[in-house]
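Quick notes on the structure that follows.
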Amino acid sequence: MTCSGDFAEKGKNADMHLERVERLERQDQHERWEPLYVDRTGSTTCEGDADHVGEAPPGEENTFERVNIKEVPDEYKFIFERPKHIAHVDDEPVVRRPGCIIDIKTLLRNNWTFPAVGFNSKLEIPVYKFECSPDDENIKYVSVPNDIFGLPIRPDILHKCYYFYRTALAGYTERMQLYKWEWPGSTKKYRSQKKSGKARMNWRKTCGRYLGVKNHPLRPFDQRTKINRKLLWRGMKIILSAKFAQDQIKVVDNFLIKSHKTKYAVKYLRNILGNNCNSALLVHEGKTDVNDNFFWACANIASVKRENVQGVNIYNLLKYRFVVFTYKALQNLTYELKTYPHKMKWLPTCATPDSCAAPVPEKVKNWDITWKEKKRRNNFAFFDKEALKKNIEEWKWSSDLKGALKVKKKDPYKNFILTKFSCHEPLPEFVKYEYLFNVEDSLEGAHGDVAADAAADAGGILEEMLKEDDEDDCLEGRSALSALGLGPAGNDRGEVGREGAHDDASDGDSDADSDDSSYGDSDGEYPDEELPPSA
């Protein structure tokens, strides 16, 4: 027994010595390693010979040697993997997409201060085409803000928000208990106390004696709990950050499908969510990115719920595993979360560095000296009743709530009309109605020939007037001309006369200002009235 015990003790000491030597060797190799660095392209690497996560440099014992890999499922192997890079506040900008998070060790230690996607990350979400084949590689990416999809995950805030919605959905309780005076029965005293040596007793149906009577009965009441709106607003952003970190958020272009069959909608959803999705929340913006075919196709799927942006809340996002947004719905939701503080007037009202009211400025010295001098001059001046009355009548009390108490009775700017002055000449009036008369001339021709057109119109009007006068006054002369057989010659002469009349009329118009005595000259205006030559 003694020999066997000594042998076991020696073997134990040898094992401890070997472990101590191996530990020292590992420490020496660890000191000789080069430091970690972050690649600017976004891939975090280690400057050892490790090619992938979990592989140790030469001479280093791998962590997987102590664990039987066959017994560990694939989804839990990340616990035993060696992180390539330890997350830090001053990390370089890295592009991250849904499901890409920092090392799990840092995240678990600082879960409510450290975002799951790390600091200084650029977040992108792929935008898929909803109605397409599974092999379609036409994928676009949209950037999302870090203050909505990159916040630290706070389970305590989500717990409060979740139970706020749960109690709000529960509504009023249906349990109803009665007070003792509401129970049917007599209010007679249970027994007399006199000469009994016992305690006083109340009604027969008092609490504790009559079955069901309570001192504090339960009544229907609203089970809703109170919560601050800021907490709900922050919880909404936290749950979106959690969905992003868990790769449970998807974005599609729209929900406009060609068929109303359920099998096609299921096929398209499986292309995006996979075959193991147990529930999904489909969010659309309104009527522009969804049609009736999609409504009918999704109506019979029990694990799928369709909502618009106004119906999205923390309870629905927690209830359904995956959430699928359309591009318009994602933009609308981001805009609502961004503008909600301004809508609720949470922003600072004072434009100062500390958001406090600015101090009242000191008065400028002698800022009212003009008014004081005028007041002093009026006080020492001779009393003039007419001047005082005139001064009082010039002013009236103002009806505005802001501004001066008294204003001028006659506002000098009351009839002031602001007009538009231009350096260019105004267009003629007929240009406004040019489209009604089918004018073929261009606008430039209209500007150049305005004077010529006006003269031609005046000449035509004058011709018509002369023609009417000739028909009335010279009817006898024309009949004599026709009797002599001079009709054609007379017509020619009449035309010449009309041309002369037209020239004289234009000359008379041009010389009207210089020579008023020539106005109304019958010889110049009516040359056609010459008598025919005597036979």
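The values are calculated or read from the model by the stated rules, or taken from the named source; none is laboratory data. The structure presented is a predicted model; accordingly, all values stated were derived computationally and were not measured. Backbone-built Cβ (ideal geometry, glycine too); neighbour counts: all protein chains shown.
Looking only at the range 268-322, how many residues end up being over 29 Å from the mean Cα position of the chain (by Cα), over 22 Å from Leu240 (Cβ atoms) and assigned to a loop (DSSP other than H, G, I, E, B)?
Selection size over the range 268-322: 6.
Could you check the range 403-432 and list, in sequence order, the residues that are over 30 Å from Ile392 (Cα atoms) and either surrounded by fewer than 10 Cβ atoms within 10 Å (Cβ to Cβ) or among the charged types (D, E, K, R) (or both)? Even if it seems obvious, please write down each step before you answer.
Our first condition is that a residue be over 30 Å from Ile392 (Cα atoms); within the range 403-432, this holds for 418-432.
Passing the criteria: Leu418, Thr419, Lys420, Phe421, Ser422, Cys423, His424, Glu425, Pro426, Glu429, Lys432.
Considering Arg191, Arg166, Arg154, Arg175, which residue is more than 22 Å from Pro98 (Cα to Cα), touching a residue at least 60 places away in the same chain (Cβ under 8 Å) and basic (Lys, Arg)?
Working: Arg191 fails: touching a residue at least 60 places away in the same chain (Cβ under 8 Å); Arg154 fails: more than 22 Å from Pro98 (Cα to Cα); Arg175 fails: touching a residue at least 60 places away in the same chain (Cβ under 8 Å).
Step by step, each of Arg191, Arg166, Arg154, Arg175 is checked, and only Arg166 is more than 22 Å from Pro98 (Cα to Cα), touching a residue at least 60 places away in the same chain (Cβ under 8 Å) and basic (Lys, Arg).
Can you pull out the residues in the range 253-277 that are of a type in the set (Val, Ile, Thr) and in contact with a helix residue (DSSP H, G or I) (Cβ under 7 Å, 6 or more places away or on another chain)?
Just the residues of the range 253-277 that are of a type in the set (Val, Ile, Thr), to begin with: 257, 262, 266, 272.
Passing the criteria: Ile257, Thr262.
Test Asp222 against the criterion of being within 20 Å of Val312 (Cα to Cα), exposed (fewer than 14 other Cβ atoms within 10 Å of the Cβ) and not hydrophobic (A, V, I, L, M, F, W, C), and give yes or no. Outline the logic, then answer.
Details: within 20 Å of Val312 (Cα to Cα): no; exposed (fewer than 14 other Cβ atoms within 10 Å of the Cβ): yes; not hydrophobic (A, V, I, L, M, F, W, C): yes.
Taking the combined requirement at face value, the residue does not satisfy it.
I'm told Lys237 meets every condition in (1) in a loop (DSSP other than H, G, I, E, B); (2) at pLDDT 95 or above except one. Can you identify the failing condition by its number?
(1)
Among the residues of the range 12-38, how many are modelled with pLDDT under 70 and either over 23 Å from His85 (Cα atoms) or among the hydrophobic types (A, V, I, L, M, F, W, C) (or both)?
The total comes to 4.
What about Trp346, is it in contact with a strand residue (DSSP E or B) (Cβ under 8 Å, 6 or more places away or on another chain) and either loosely packed, with under 11 Cβ neighbours inside 10 Å or aromatic (Phe, Trp, Tyr) (or both)?
No, not satisfied.
Scan the range 158-177 for residues that are within 30 Å of Val213 (Cβ to Cβ) and charged (D, E, K, R) and jot them down.
Narrowing the range 158-177 to residues within 30 Å of Val213 (Cβ to Cβ): 167, 170-177.
Answer for the range 158-177, where residues must be within 30 Å of Val213 (Cβ to Cβ) and charged (D, E, K, R): Glu174, Arg175.
Could you say whether any residue in the range 233-247 is loosely packed, with under 13 Cβ neighbours inside 10 Å and in contact (Cβ under 8 Å) with a residue 12 or more places away in the chain? Show your work before the answer.
At the first step, the residues of the range 233-247 found to be loosely packed, with under 13 Cβ neighbours inside 10 Å are none.
Within the range 233-247 (the criterion being loosely packed, with under 13 Cβ neighbours inside 10 Å and in contact (Cβ under 8 Å) with a residue 12 or more places away in the chain), the answer is no, since none of the residues qualifies.
Evaluate the following for Leu178: is it surrounded by 12 or more Cβ atoms within 10 Å (Cβ to Cβ) and either part of a loop (DSSP other than H, G, I, E, B) or of a type in the set (A, V, I, L, M) (or both)?
Working: surrounded by 12 or more Cβ atoms within 10 Å (Cβ to Cβ): yes; either part of a loop (DSSP other than H, G, I, E, B) or of a type in the set (A, V, I, L, M) (or both): yes.
Yes, satisfied.
Among the residues that make up the range 266-281, is at least one of them closer than 26 Å to Ile101 by Cβ and among the β-branched types (Val, Ile, Thr)?
Within the range 266-281 (the criterion being closer than 26 Å to Ile101 by Cβ and among the β-branched types (Val, Ile, Thr)), the answer is yes, since at least one residue qualifies.
For the range 130-152, what are the residues that are crowded, with 17+ Cβ neighbours inside 10 Å and under 14 Å from Leu273 (Cα atoms)?
Listed by number, the residues that qualify are Phe130, Glu131.
Residue-by-condition table, conditions (1) more than 52 Å from the chain's Cα centre (by Cα); (2) without any contact (Cβ under 8 Å) to a residue 12 or more places away in the chain:
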residue: Trp367; (1), (2): no, yes
residue: Thr370; (1), (2): no, yes
residue: Phe380; (1), (2): yes, yes
residue: Ala387; (1), (2): yes, yes
residue: Glu393; (1), (2): yes, no
residue: Lys408; (1), (2): no, no
residue: Lys414; (1), (2): no, yes
residue: Leu418; (1), (2): no, yes
